[in-house]
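These notes are about the structure you will find just below.
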Amino acid sequence: VRAVRTEQADKAVYAFFVAGADLLKFAEISRVHRDGEGSLHGFQRKGIKSHVQAITEFLDQGPVLFPNAIILALSPRARFTQTR
């Protein structure tokens, strides 16, 4: 996908658009959990079922626009190539 690169707090930040249906082709949800020693890992809290259901019902109404930002933490293996 094409992305726009900028700098924020000395970090590269990329903004891009993808269809929601394509998101899980390259992303996964890292749920908050504790390992065997009790250390906290992950980022995303479990969704509130009624809230997720309301969003699903809205999206199922037909061709709707749902332009919400999602912040992704990318693997160090992810690569961006400058085209211009």
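Here are some values of Cα Rg over 2.2 N^0.38 Å: (i) 1.07; (ii) 1.69; (iii) 1.38. Which one was computed from this structure?
Checked against the structure: label (iii).
What stretch of the chain, leaving out the sites themselves, is the longest with no chymotrypsin sites (Phe, Trp or Tyr not before Pro) in a DSSP loop having at most 16 other Cβ atoms within 10 Å?
Answer - 44-79.
Among all the lysines, which ones have a C-alpha under 29 Å from residue 11's C-alpha, if same-chain residues fewer than 8 places away are not counted?
List returned: 25, 46.
For the chain, what is the mean residue ellipticity at 222 nm derived from helices alone (per DSSP H run of n ≥ 4: -39500 (n - 2.57); sum divided by total residues; nearest 500 deg cm²/dmol)?
One gets -4000 deg cm²/dmol as the mean residue ellipticity at 222 nm.
Would you kindly state how much longer the chain becomes between residue 12 and residue 60 on full extension, computed as 0.36 nm times their sequence separation minus their alpha carbon distance, in nm to one decimal?
Result for the pair: 13.8 nm of gain on full extension.
Please report the relative contact order for the chain, taking Cα pairs under 8 Å with a sequence separation of at least 6, and give it as a percent rounded to a whole number.
Values: 45 pairs, mean separation 11.6, N = 84.
Computed over the chain, the figure is 14 percent.
Only the coordinates and a few stated rules stand behind these numbers; no lab work does. If you're wondering where the values come from, they're calculated on a predicted model, not measured in any experiment. We place every Cβ from the backbone using ideal geometry, glycine too, and count neighbours over all the protein chains shown.
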